[in-house]
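Quick notes on the structure that follows.
The values are calculated or read from the model by the stated rules, or taken from the named source; none is laboratory data. Predicted model, so just to flag it, every value in this text is computed and none were measured. Cβ placement follows ideal geometry from the backbone for every residue including glycine, while neighbour counts extend to all protein chains displayed. Ligands, DNA and RNA are stripped out before the accessible areas are found, and what is left, the full protein with its side chains, is counted by its heavy atoms. Shrake-Rupley method; radii C 1.70, N 1.55, O 1.52, S 1.80 Å.
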Amino acid sequence: MNILLIGSGGREHAFAWKLKQSNQLDHLYIAPGNAGTAQLGTNLSIEGTDFPSIAKAVQTHHIDMVVVGPEVPLVAGIHDFFLSEPDLCHIPVIGPVAAGARLEGSKEFAKEFMLRQGIPTARHCSVTLDNVEEGIRFLGSLRPPYVLKADGLAAGKGVLILDQLQEAVEALRNMLGGMFGNASATVVIEEYLSGVECSVFVLTDGIHHKILPVAKDYKRIGEGDTGLNTGGMGAVSPVPFADEAFMHKVEERMVLPTLEGLRKEGIPFQGIIFLGLMNCAGDPYLIEYNVRMGDPETEAVILRIQSDLVELFKGVAEGNLDEKELLVDPGTAVTVVVVAGGYPGSFAKGDVIHRLEKVTESVVFHAGTKATEAGVVTNGGRVLAVSSLAETMENALGASYRSAALVEFKEMYFRKDIGFDLKH
Ligand code: AMP
Ligand code: GLY
């Protein structure tokens, strides 16, 4: 079969790498892809939200399945678009319809949904310009730090965590005043949860589900989790504290109620539900839903999935995921993300990346790269996701760090402490 994969980051290169291993795949197309995906299939220069161009490409290239990597096309309704077109409605789309994507597209909707299903989460208050005073009173009732979230998609930047009440009140007003454009016309104020986070990925056909390997990502630019937030500087899978007992709580208290809630509310869901959760003294609290795989978690998780990903996706599309097998490598996979100097602030693009071909003990997934006549060049803040699988986290990290040190581009940077908080 021919598959069209939407997206252009490390997550999509990891998906492409895995899909390519399936003997069911004839040809892989990636829209728009990067220099890494170009080595595994054909990149099409189409954005994931350009539905008419995607429809044309699907016809031209006889696509049998569409796999959507990022959230933006899902929230914009790519799956609904396919269902509404007579020529496209028979083609499976892996990723939910817009009604399901709201779990990520609206934090207010997600919080209300969690409450309706009785899923443990932080207390919250939704605020618009119409109830600012109520929001300020709620802030006053909380202990610091204060968590404020833009309701809508804000490219991962819409969450502010502030220590002072006065700052929080000011930030609330600024957010409502358009700090994140329309995305912060509604602001969700939340009680702060303290604990360690992890990412749980649930593959579902709407009825059955499989929990994919659990992972932890590292969001801050600086070592010891300091400095500015980024798209993700590294990931580790599995997560030692997410043992069988903890995952049993996650399944009983979150996964099953989520799937049941979607069914009760008449929301079909074919794709991935990503639970971003906090381990608060052994009990999971749900921080957020996403409706796609995490990045860079995917680049680690994918190395541990031994089963055929095309087969699993067919299970999602056909409603028989229960008949598919999910085999997981018991080892540890890690990802070290190599970024361009200056990121997450301003950074250069177009620098040649040297010696990629020298890496043998890791898989280098491309994130922000582009193929040019001069070779592969940097084309984003997060440039490479260097991933390794080994029997222990230490060995996997050793491999990724040796590999990261082999490649070179101007002002490259990576954190040397991925997994620091998981070491015994
Ligand atoms: P989100 O965009 O919802 O993933 O939030 C970004 C980050 O903010 C999360 O990964 C957490 O580290 C942090 N965060 C969000 N909500 C809370 C909360 N209620 N308590 C503590 N930290 C939070
Ligand atoms: N790594 C977190 C995310 O993809 O949202």
Quick one: which of H79, H61 is within 30 Å of E252 (Cα to Cα) and modelled with pLDDT of 95 or more?
-> H79
Of all residues in segment 97-108 being away from ligand 2 (no atom under 16 Å from the Cβ) and touching a Leu at 6+ places or on another chain (Cβ under 8 Å), the one that is nearest to S22 (Cα to Cα) = V97
From the list G224, G232, G177, which one is on the phi > 0 side of the Ramachandran plot and over 20 Å from the mean Cα position of the chain (by Cα)?
-> G224
From the set of residues in segment 271-306 that are within 15 Å of D217 (Cβ to Cβ) and of a type in the set (D, E), which is nearest to ligand 1 (Cβ to nearest atom)?
-> E288
Can you name every residue in segment 231-278 that is crowded, with 22+ Cβ neighbours inside 10 Å and among the small types (G, A, S)?
-> G231, G232, G234, A235, S237, A242, G271
Output for segment 148-205, where each listed residue is closer than 19 Å to E133 by Cα and within 16 Å of ligand 2 (Cβ to nearest atom) | K149, A150
Taking segment 197-218 only, how many residues are touching a Leu at 6+ places or on another chain (Cβ under 9 Å) and within 14 Å of ligand 1 (Cβ to nearest atom)?
-> 5
In segment 1-41, how many residues are among the small types (G, A, S) and open to solvent by 20 Å² or more (accessible area, probe 1.4 Å)?
-> 2
Tell me, yes or no, whether segment 294-301 has at least one residue that is among the hydroxyl-bearing types (S, T, Y) and in contact (Cβ under 8 Å) with a residue 40 or more places away in the chain.
-> yes
Taking helices (runs of 4 or more DSSP H) that fall entirely within segment 1-87, which contain at least 1 residues that are away from ligand 2 (no atom under 16 Å from the Cβ), out of contact with any Phe, Trp or Tyr (no Cβ under 8 Å at 6 or more places or on another chain) and of a type outside the set (F, W, Y)?
-> 10-20, 51-60, 78-84
Which one is farthest from G398 (Cα to Cα) among residues in segment 203-216 that are open to solvent by 20 Å² or more (accessible area, probe 1.4 Å) and not in a strand (DSSP E or B)?
-> I207
Taking segment 56-80 on its own, how many of its residues are surrounded by 15 or more Cβ atoms within 10 Å (Cβ to Cβ) and closer than 20 Å to K314 by Cα?
-> 14
Listed residues E394, E325, E311; which is within 24 Å of the chain's Cα centre (by Cα), more than 19 Å from A38 (Cβ to Cβ) and not in a loop (DSSP other than H, G, I, E, B)?
-> E311
For segment 358-369, indicate whether the set of residues that are under 23 Å from the mean Cα position of the chain (by Cα) and open to solvent by 50 Å² or more (accessible area, probe 1.4 Å) is non-empty.
-> no
Exclusive hit being basic (K, R) and buried (at least 17 other Cβ atoms within 10 Å of the Cβ), set K324, K349 | K324
Sort through V200, V250, V239, V255 and tell me the only one that's at pLDDT 95 or above, in a loop (DSSP other than H, G, I, E, B) and β-branched (V, I, T).
-> V239
What is the number of the single condition among (1) farther than 19 Å from A367 by Cβ; (2) under 23 Å from the mean Cα position of the chain (by Cα) that P52 does not meet?
-> (2)
Enumeration of residues in segment 217-230 that are in contact with a Phe, Trp or Tyr (Cβ under 9 Å, 6 or more places away or on another chain) and either near ligand 2 (Cβ under 10 Å from one of its atoms) or open to solvent by less than 20 Å² (accessible area, probe 1.4 Å) (or both) = Y218, T230
What residue, among those in segment 88-131 that are within 16 Å of G206 (Cβ to Cβ), out of contact with any Ser or Thr (no Cβ under 9 Å at 6 or more places or on another chain) and assigned to a helix (DSSP H, G or I), is most open to solvent (accessible area, probe 1.4 Å)?
-> R102
Give me the pairs, please: first residue somewhere in segment 105-117 and within 18 Å of I189 (Cβ to Cβ), second residue anywhere and open to solvent by 20 Å² or more (accessible area, probe 1.4 Å), beta-carbon distance under 6 Å, and either six or more positions apart or on two chains.
-> S106/D151; K107/D151; E108/S126; E108/D151; E108/T186; F109/R102; K111/H124; M114/T121
Hits in segment 279-289 (condition: open to solvent by 10 Å² or more (accessible area, probe 1.4 Å) and either free of Cβ contacts under 8 Å to residues at least 24 places away in the same chain or within 14 Å of ligand 2 (Cβ to nearest atom) (or both)) = I287, E288
Return the residue satisfying two criteria in turn: it lies in segment 132-166 and is within 15 Å of ligand 1 (Cβ to nearest atom), among the aliphatic types (A, V, I, L, M) and not in a loop (DSSP other than H, G, I, E, B), and of such residues it is most open to solvent (accessible area, probe 1.4 Å).
-> I161
